[in-house]
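The values are calculated or read from the model by the stated rules, or taken from the named source; none is laboratory data. Remember, it's a predicted structure, so these values are computed and weren't measured experimentally. Cβ placement follows ideal geometry from the backbone for every residue including glycine, while neighbour counts extend to all protein chains displayed.
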Amino acid sequence: MAGTLLSKNNNFGTMPVFMTAISTILGAILFLRFGYAVGHVGFFGIVGIIILGHLVSIPTALAVAEIATNQKVQGGGAYYIISRSFGLNIGGAIGITMYMSQAISVAFYVIAFAEAFDPLIQYMADNFGWLLYDKRAISLPTMGLIALLVLRKGANIGMKALYVVVVLLFLSLLFFLFGHPIDGHTHEHLAAHIDNPDSFFFVFTIVFPAFTGLAAGLGLSGDLRDPKKSIPQGTIWATVIGMIIYLIIAYKLAISASPEDLVGDQLIMQRISAWGPIIPIGLAAACLSSALGSIMVAPRTLQAIGLDEIFPSLHVNKWFAKGKGTSNEPFNSSLISIAIAFFFILIGDVNMVAQIIAMFFMVTYGAICLISFLEHFAADPSYRPTFRSRWYYSLLGAILSVWLMFKMNFSYALASIIIMVLIYYVISHYSKEKKGFQNLFRGLVFQLSRQLQVIAQRAEKEELDKHWRPFVICISRDSFKRRAAFDLLRWLSYKYGFGTYIHFIEGFLTQETNEESVNSLNRLINLASGSRSRVYLDTIISPSYTSAIAQVIQLAGISGRGNNMILFEFSRSEPEGLSEAINNYSIMTSTNFDVCVLNTSFKGFGYRKEVHLWITSEDYENANLMILMAYIILGHPEWRKGFIRIFAVYDESVLEERREGLLSLIKSGRLPISPTNVELIPIDEANKLKDIVTEKSADADLTIIGFRDLDIAIEKFTGYGDNMANILFINSFKEKIIK
């Protein structure tokens, strides 16, 4: 990291977090748009909006409290939390868009501040004939004063001003609650609304920025004495109290004015209040406090982004990150934030800005809830928050955030996601080393894998036999000499099976052999990365090949159940390698393993097109496994143009019977084998199987042959010429079921 995110004079407690959040929650939307909302959707509709909004904000507040009590939260608020959980690339993409929404929020609140002067403007027009046509004459100077205040005095003066405006805010709400219905109003049904109202979700979009005060309090994290205490307490209290106040205000509006009055007068609250002028004062105070809160938060987010060197230019990062004074005030970042605010004040529309703010804050809330949800399932021992939320709250908040984005405004939601994706790719392009996203999901994948392993282990053995698939293990000392065994495992584990390839290192476990093991594994992973294999790779150090096999076959595979097949490999040019398979055959049969022996030649697997199966009268138990293995191999894309040919070698007296049996098996098993590719060959003592195989399978890319008795098999394994490609010998422990 390029610098520190903490202020050198971080002395704020919980109250500033609460006040920053509550003043943003009870802000411009409450005074200017809440009457509009009640008028369009009725009291029960606005209750639905409040509840729906808080189904996102409350889980987010709980998630923030949880994450904040697990890690050291420095400056940058929500950006810091997201980037340290999802990684700097994704955190930067979300952080930049979140910063823009915070900076735009300043403009939103200043524009709304100008609306508070409507009664004064009307009074001046009625009594003096002075009519102000453009409220930017109020908003622009106000923005200038706020900018001057923040640039000269920093967060401390902003916080002192915040105390004053929060008092005015709550005073105005008290006057409103003690007010009376407007003249001539009689109590109507609470569900009443105007004719042809705006849609529920459009109203929700306009109102939702009222629930985004949570993020405002987070932005002060670098200025807090104890973020782990202040952030949870401040945000949760502000969220809950804000929701209660909104429900009370909604009821008061519904019983005090007709839907038409609520929609027609954006300052309807002053006609209801016990003292009308307090409402514009409260609006001005709320807007001013929210603007101050946002102008304090936005630069700190940008400063944190600069400190993390997210932008492609090092000079730009340093300029944004630069602090001023002992409190590390983000002076340069404040300049940019002020410029953005001025721009949107000049050209912005309140409703348009509200939709932009709602969209980006919704993304932020969804990301925070997703982090909490993933942390729950990852079960990382290092994740030990002192405050605990519930995983289903976080999941609800994450799902609702995405769903509501598209319900609110599909175009804006799509645009915001596209913008963040583009930012992410730009950051990733210039900062390839800024990883971390996979760290959060690695734990989730681990937990899912563990659960699946437990489920697989508990499955009934009979059911597993009915739905057989290969769980293959290969132990080889020739991993870096020949790739044929690894390739075969790749094909078997691509779609239908599970493969584990283990490099054997002969010797005892010492520091030297352990280092060799680590280096060999890294080398294997590097070699396998180019093939996109789904084979699990490992190494084993053991005094002998036999002891290595004995160790490995007793362990469960990565699938969650024990392995059921072992693959040996030897080169046709080095037949002495066959001895390892022969010497350990008894171990395999005693443990009910299917045994495969791959005999490799210089032709390898040829063009990966033809697979020949040779089935004899000895292969009653092998035949189905041989067919299944050929079918599974052809499921790999490298064999997409491949086909299977079956050669059935029987006594002439039973040929027709065997043909019908094979064709029936192919049809009932829905196997992709053409009947024309099934050839029956009569055999007698004068014919030798090896000679027939050598003749007919000379052009095959893989030949599969069964074996039963080991003594006979030894002679069967050898003696094939180099004109044949690789041969796979298969011995099935018992007959497999093809359904």
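Please go through region 321-337 and give me each residue that is surrounded by fewer than 22 Cβ atoms within 10 Å (Cβ to Cβ) and assigned to a helix (DSSP H, G or I), ordered by number.
If the condition is that a residue be surrounded by fewer than 22 Cβ atoms within 10 Å (Cβ to Cβ) and assigned to a helix (DSSP H, G or I), then 331, 332, 335, 336 are the ones that fit.
Specify the residue that is farthest from residue 580 (Cα to Cα); the eligible residues are those in region 518-554 that are over 32 Å from the mean Cα position of the chain (by Cα) and part of a loop (DSSP other than H, G, I, E, B).
Step by step, filter region 518-554, then rank; the result is 554.
What pairs can you find where one residue is in region 235-256 and within 17 Å of residue 365 (Cα to Cα) and surrounded by 16 or more Cβ atoms within 10 Å (Cβ to Cβ), the other is basic (Lys, Arg) and at pLDDT 90 or above, and their Cβ atoms are less than 6 Å apart, with a gap of 6+ or different chains?
Pairs found: none.
Residues to consider are 515, 580, 569; find the one that is assigned to a helix (DSSP H, G or I) and under 30 Å from residue 723 (Cβ atoms).
Result of the check over 515, 580, 569: 580.
Could you count how many residues in region 609-636 are touching a residue at least 40 places away in the same chain (Cβ under 8 Å) and surrounded by fewer than 21 Cβ atoms within 10 Å (Cβ to Cβ)?
Residues meeting the conditions: 11.
If a residue has to be modelled with pLDDT of 90 or more and out of contact with any Gly (no Cβ under 9 Å at 6 or more places or on another chain) to count, how many in region 483-498 make the cut?
Of the residues in region 483-498, 1 are modelled with pLDDT of 90 or more and out of contact with any Gly (no Cβ under 9 Å at 6 or more places or on another chain).
Residue check: is residue 579 farther than 22 Å from residue 698 by Cα and either touching a helix residue (DSSP H, G or I) at 6+ places or on another chain (Cβ under 6 Å) or in the same structural domain as residue 488 (by TED's automatic domain parsing) (or both)?
Against the criterion (farther than 22 Å from residue 698 by Cα and either touching a helix residue (DSSP H, G or I) at 6+ places or on another chain (Cβ under 6 Å) or in the same structural domain as residue 488 (by TED's automatic domain parsing) (or both)), residue 579 qualifies.
What pairs come up if the first residue lies in region 663-678 and is β-branched (Val, Ile, Thr), the second is in a loop (DSSP other than H, G, I, E, B), and their beta carbons are under 7 Å apart, counting only those six or more places apart or on different chains?
Filtered contacts from region 663-678: 666/673.
Quick one: would you say residue 521 is among the aliphatic types (A, V, I, L, M), assigned by TED's automatic domain parsing to the domain that holds residue 586, in contact (Cβ under 8 Å) with a residue 12 or more places away in the chain and surrounded by fewer than 21 Cβ atoms within 10 Å (Cβ to Cβ)?
Against the criterion (among the aliphatic types (A, V, I, L, M), assigned by TED's automatic domain parsing to the domain that holds residue 586, in contact (Cβ under 8 Å) with a residue 12 or more places away in the chain and surrounded by fewer than 21 Cβ atoms within 10 Å (Cβ to Cβ)), residue 521 qualifies.
Would region 598-612 turn up any residue that is in contact with a Ser or Thr (Cβ under 6 Å, 6 or more places away or on another chain), outside the structural domain of residue 489 (by TED's automatic domain parsing) and either part of a helix (DSSP H, G or I) or at positive phi (or both)?
Checking region 598-612: not a single residue is in contact with a Ser or Thr (Cβ under 6 Å, 6 or more places away or on another chain), outside the structural domain of residue 489 (by TED's automatic domain parsing) and either part of a helix (DSSP H, G or I) or at positive phi (or both).
Say whether the condition of being more than 29 Å from residue 577 (Cβ to Cβ), outside the structural domain of residue 589 (by TED's automatic domain parsing) and either in contact (Cβ under 8 Å) with a residue 60 or more places away in the chain or surrounded by 13 or more Cβ atoms within 10 Å (Cβ to Cβ) (or both) is met by at least one residue in region 723-736.
yes
Quick check on my filter: what residues within region 263-278 are under 43 Å from the mean Cα position of the chain (by Cα) and either surrounded by 23 or more Cβ atoms within 10 Å (Cβ to Cβ) or in a loop (DSSP other than H, G, I, E, B) (or both)?
Scanning region 263-278 gives a single hit, 266.
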